[in-house]
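For reference, the structure discussed in these notes is given below.
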Amino acid sequence: MYFSDEDRDFEASALVEGAIEIMVDLEPDFPVAWVRHQLQKMAKDVEAALMSETNPHLRLEGLLRLFYREWGFCGDRHQYYAADNAYLDKVIERRKGIPVSLGAIMIYLAQHLELPVTGVAFPTQYILRVDWPDSEPQFINPFDGEFVSRQTLSAWLRGHKGPLAPWRESYLTTTSHTDVLARWLTVLKSALLREEQYADALRCSDLALSLRPGDPHEIRDRGYIYQQLECSHAAAMDYAYFIEQCPEDPAAELLKLQVKVLNANPQVLH
């Protein structure tokens, strides 16, 4: 990943900067200059629109109103799993995305307004956390810009993990940019798999593993991609690694059968 000293002067949050670097690695023709120009323009417009508002709570409400209502950014409800919802340039161009891509832009803009907004990799989806010095934290769904209560988040969790799913406060802690970028790549990889773009999905998987080396679940997913690309030997090796690292996982027994089948296939050189 590469940027000149001049590029480093670009004031962006570490999350957006990391996302741009990933997009460049995935797409050599990624329009870096255009994306940065658009982000800078949005930041300047936000600052100009809210320059007279000194109350941070009202500044946040103004940012949400501007981003979601006036500019029309929103979650893509019709094609949620489309890869375009994860590519940063497409999100800015279409003004549609998914929680992690929309949330990253919101964090970038909030930083320019000096608002205490961070990201949280909640089990069901990416959310935003606002840590006020004078009140309890607030949480925002970046898919639609609405505030969500702890009760709502608890309901999301039960719907995702079952009615007996235990609540953990750790679910609401700020997530590191590295983990968010890995999650972003996982979402993009899943979208590319749905679209049968296996070579691009493989690049996503390799980038995710550069962020989380040795992650057994990511290596399992890479094995599936290798299998689709008819790289039987590589797929079998990845599946075997997952089985060794996660022997109690329900998928392990099924993958053992897959390994036997794949190892019986003649090795294909690509």
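The values are calculated or read from the model by the stated rules, or taken from the named source; none is laboratory data. If you're wondering where the values come from, they're calculated on a predicted model, not measured in any experiment. Quick reminder, even Gly has a Cβ in these numbers, built from the backbone with ideal geometry, and neighbours come from all protein chains shown. Areas reflect the complete protein model, heavy atoms only, side chains present, ligands, DNA and RNA absent. Shrake-Rupley method; radii C 1.70, N 1.55, O 1.52, S 1.80 Å.
Quick notes on this structure:
- Take every pair of alpha-carbon atoms less than 8 Å apart whose residues are at least six positions apart; their mean separation over the length of segment 15-171 yields a relative contact order of 17 percent.
- Nearest-0.05 FRET efficiency for Ala199 and Trp132, computed from C-beta distance (R0 35 Å): 0.15
- Under a model in which nothing but the beta-carbon of Lys, Arg (+1) and Asp, Glu (-1) is charged, the chain shows a dipole of about 860 debye around its Cα centre.
- Taken about its Cα centre, segment 177-263 carries a charge dipole of about 60 debye when Lys and Arg each add +1 at the Cβ and Asp and Glu each add -1 at the Cβ.
- In this structure, the residue pairs whose Cα-Cα separation is over 20 Å, taken from Lys96/Lys189; Lys41/Lys96; Lys189/Lys256, are Lys189/Lys256.
- Qualifying chymotrypsin sites (Phe, Trp or Tyr not before Pro) in segment 157-190, DSSP loop, other Cβ atoms within 10 Å at most 12: Trp167
- Pairwise FRET efficiency - Leu229 versus Gln151, Cβ, R0 = 35 Å, nearest 0.05: 0.20
- Contour minus Cα-Cα distance for Ala14 and Glu248 (0.36 nm per residue): 80.6 nm
- As a fraction of the 1.4 Å probe accessible area of the chain, surface on carbon and sulfur atoms comes out at 50 percent.
- Euclidean distance of C-alpha centroids, segment 113-157 and segment 172-231, integer Å: 25
- Leading residue at positive end of dipole, the chain (Cβ point charges), from Ala199, Leu109, Ile127: Ile127
- The loop-placed GluC sites (Glu not before Pro) in segment 136-208, going by DSSP, that have at most 14 neighbouring Cβ atoms within 10 Å of their Cβ come out as Glu195, Glu196.
- The GluC sites (Glu not before Pro) of segment 198-270 meeting both criteria, a DSSP state outside H, G, I, E and B (loop) and at most 12 other C-beta atoms within 10 angstrom of the site's C-beta, are Glu230, Glu248.
- 10 Å binning of all Cα-Cα separations within segment 177-263, expressed as whole percents from 0 upward: 19, 48, 31, 2
- Alpha-carbon Debye profile of segment 118-267, log10 I(q)/I(0) at 0.11, 0.12 Å⁻¹: -0.56, -0.64
- FRET efficiency estimate (nearest 0.05) - Cβ-Cβ, Arg95 to Ala49, R0 22 angstrom: 0.80
- Sites excluded, trypsin sites (Lys or Arg not before Pro) in DSSP loops with at most 11 other C-beta within 10 Å, longest stretch of the chain: 169-270
- Probe 1.4 Å, protein heavy atoms only - accessible area per residue of the chain in square angstrom: 52
- Considering only alpha-carbon pairs that sit under 8 angstrom and 6 or more positions apart, the relative contact order computed for the chain is 13 percent.
- Part-to-part distance (alpha-carbon centres) for segment 18-36 and segment 50-77, which is given in Å: 26
- Our summary gives segment 177-263 a relative contact order of 21 percent, counting only alpha carbon pairs under 8 angstrom and 6 or more residues apart.
- Dividing the helix sum by the residues of the chain, where each DSSP H run of 4 or more adds -39500 (n - 2.57), gives a mean residue ellipticity at 222 nm of -17500 deg cm²/dmol.
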